[in-house]
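The values are calculated or read from the model by the stated rules, or taken from the named source; none is laboratory data. Since this is a predicted model, take the numbers as computed values, not measurements. Cβ atoms come from the backbone with ideal geometry, glycine included; neighbour counts cover every protein chain shown.
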């Protein structure tokens, strides 16, 4: 029996590079390697087809999106995610900058494209600024894919030349998005809607995740024993962010992962380490060593009332 693999990751590996597999072969493999029942496998397959993560042929065979059109005739690249970080910088008037960075190592195969766990909607008037860089020649591309809703584009890095497992250097990349206050992502009227909440009851959050439940042609993700995930949130000086907490949930079902949350809470209490959620002045830092794939790690903070925000802004303007 295969240890430590969920059905989605197991299926992604099983189908990678293959033209298609019939229902009975998938069921037999999942029962033998994962210990799942026939009914459970059938339900999971049906849901993945409905969500667009799988393609079912009229004959009843299953394949990954893109493989049916010949996009993935080569064996999938197995990539280890060494670290994955998200940094958010919020300005006092509602502007926002988000930067994602990651370090990868190719364990086998060749990687020509790397689909990011990031999607965006085309902004009005081109006010959103995007950038990307890597230690290998690459360019940032966007395109619709089966796992993205209509009108939403997925980002991916396209390397100038395929990178193989013989390459000793890890792949580093940075992807950033900048949203000015005029785009209204962090600004409403008359006050920034994501900086102000009614009676302080509303909350804002930042999510970091490494997705594998959406099988992508040519790519299989893994984490190693020293892999880490982080979230850094930089607030304006002395911003009244209120109550802060960590939430952890399954990336597909949204069900809370209380065991993983308890582990993170315990890390925050350990001295001499930087694990868990910690505050350093106006920055919140969440560090998750040995993080889990397909898991949403969320930093959530409560918003101030309009009165508290105006009082803070008045003081902030004088500094």
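The table below gives the values:
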item	result
Residues of region 91-108 satisfying the condition of being crowded, with 19+ Cβ neighbours inside 10 Å, in contact with a strand residue (DSSP E or B) (Cβ under 7 Å, 6 or more places away or on another chain) and at pLDDT below 85	96
Any pair with Cβ under 8 angstrom, 6 or more apart, that starts in region 216-227 at a residue that is closer than 8 Å to residue 81 by Cβ and assigned by TED's automatic domain parsing to the domain that holds residue 84 and ends at one that is modelled with pLDDT of 85 or more and surrounded by fewer than 16 Cβ atoms within 10 Å (Cβ to Cβ)	222/107; 223/290; 227/290
Answer residue from region 109-143, given it is surrounded by 14 or more Cβ atoms within 10 Å (Cβ to Cβ) and not in a strand (DSSP E or B) and is modelled with the highest pLDDT among those	136
Filter result for residue 47 (surrounded by fewer than 17 Cβ atoms within 10 Å (Cβ to Cβ), at pLDDT 85 or above and in a helix (DSSP H, G or I))	no
All positions within region 238-251 that are buried (at least 19 other Cβ atoms within 10 Å of the Cβ) and out of contact with any helix residue (DSSP H, G or I) (no Cβ under 6 Å at 6 or more places or on another chain)	241, 249, 251
Pairs where the first residue, in region 240-263, is within 30 Å of residue 315 (Cβ to Cβ) and the second is part of a loop (DSSP other than H, G, I, E, B), C-beta under 7 Å, 6+ apart	240/304; 241/235; 242/303; 242/304
Verdict on residue 83 being surrounded by fewer than 17 Cβ atoms within 10 Å (Cβ to Cβ) and at pLDDT 90 or above	no
Top-ranked residue in region 279-299 [being surrounded by 15 or more Cβ atoms within 10 Å (Cβ to Cβ) and closer than 20 Å to residue 89 by Cβ; ranked as nearest to the chain's Cα centre (by Cα)]	297
Some residue of region 265-274 being modelled with pLDDT of 90 or more, surrounded by 15 or more Cβ atoms within 10 Å (Cβ to Cβ) and in contact with a strand residue (DSSP E or B) (Cβ under 6 Å, 6 or more places away or on another chain)	yes
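Residue by residue, here is whether (1) assigned by TED's automatic domain parsing to the domain that holds residue 83; (2) surrounded by fewer than 16 Cβ atoms within 10 Å (Cβ to Cβ); (3) more than 15 Å from the chain's Cα centre (by Cα) holds:
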site: 236; (1), (2), (3): yes, no, yes
site: 253; (1), (2), (3): yes, yes, no
site: 256; (1), (2), (3): yes, yes, yes
site: 262; (1), (2), (3): yes, yes, yes
site: 301; (1), (2), (3): yes, no, yes
site: 308; (1), (2), (3): yes, yes, yes
site: 314; (1), (2), (3): yes, yes, yes
